[in-house]
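To keep things clear, I will list the structure first and then write my remarks on it.
The values are calculated or read from the model by the stated rules, or taken from the named source; none is laboratory data. Note that this is a predicted model, so its numbers are computed, not measured. Here Cβ is always computed from backbone atoms with ideal geometry, including for glycine, and neighbour counts include all displayed protein chains. Protein only, heavy atoms only, side chains kept; ligands, DNA and RNA dropped before computing areas. Shrake-Rupley method; radii C 1.70, N 1.55, O 1.52, S 1.80 Å.
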Amino acid sequence: MSKKVLTIQTKNISGKVIIGETAKTENGERTLTMTNISKQIIESALEHKITNKNNLLFCKEDKTMHIENSINSSLKRIALKLGIGIYEEENKKGQLVQKTDVHTHMLRGTFATRCAEAKIAPAVLKKILGHSDITITMQYYVDVDSEFENSENKNVEDYLIGKSIFGVDFSTEDKTA
């Protein structure tokens, strides 16, 4: 893959502010190296890009920027239809209605968790997510489920057994436990 980068910024290529005067944090505006997968996804998106004055990759048909609340509303409708993250809540009329806890920011957390499962270095994940402090990345964006924990425990066990530091032959032990 030839080196391709993705720049995340609040201004368009002409320097005009389109999202806010500054990013939420000093690390919000950043340049990332794309993987082959992300490169293919961006190239596919570019094939369907609507030309617009702010040079946005994703915009509405009227060439204006998508608003986060609108995207979240659409995602919630899809999640409700698919039965994802459903709970019931009483509305103002006292009726039980189905709602979902799904929102766009969950996609960021899922991405972070999948990266951690793939053994990406925490410092690299911190840079990709635009965090200034690794504790934010690890505390709020990486979920450890039992499958992930078991996989990591197995990695440590295999490493330690491979080093033969226990003076015990584990080759006859039950490895399914």
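Tabulated data
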quantity	calculated
Using θ = phi - 60° and Karplus 6.51 cos²θ - 1.76 cosθ + 1.60, couplings along region 129-145 (whole Hz; Gly, Pro as x)	7, x, 8, 8, 10, 4, 5, 5, 4, 6, 6, 10, 10, 10, 9, 9, 8
Residue-normalised accessible area of region 34-177, expressed per residue, 1.4 Å probe, Å²	77 Å²
Nonlocal amide H pairs with CYS59, under 5 Å, H built at 1.01 Å	ILE50
Extension gain (nm, one decimal) between GLU157 and LEU107, 0.36 nm per residue minus Cα-Cα	14.8 nm
By accessible area with a 1.4 Å probe, ligands and nucleic acids excluded, highest first: order of ARG30, ARG108, ARG77, ARG114	ARG77, ARG114, ARG108, ARG30
Dipole-positive endmost among ALA123, ILE67, LEU80 within region 64-145 (Cβ charges, Cα centre)	ILE67
Accessible carbon and sulfur surface of region 30-97 relative to its total accessible area, %, 1.4 Å	55 percent
FRET efficiency, 1/(1 + (r/R0)^6) with R0 25 Å, evaluated for ILE37 and GLN139 via beta carbons	0.40
Solvent exposure ordering (accessible area, 1.4 Å, most first) of ASP143, ASP101	ASP143, ASP101
Per-residue SASA entry for HIS103, accessible area with 1.4 Å probe, Å² rounded to 10	70 Å²
Out-of-range pairs (alpha-carbon distance over 23 Å; input LYS119/LYS163; LYS127/LYS154; LYS119/LYS154; LYS4/LYS49)	LYS127/LYS154
Ranked order, THR104, THR7, THR51 - accessible area, probe 1.4 Å, largest first	THR51, THR7, THR104
Cβ-placed point charges (K, R +1; D, E -1), dipole of region 32-142 about Cα centre in debye, nearest 20	160 debye
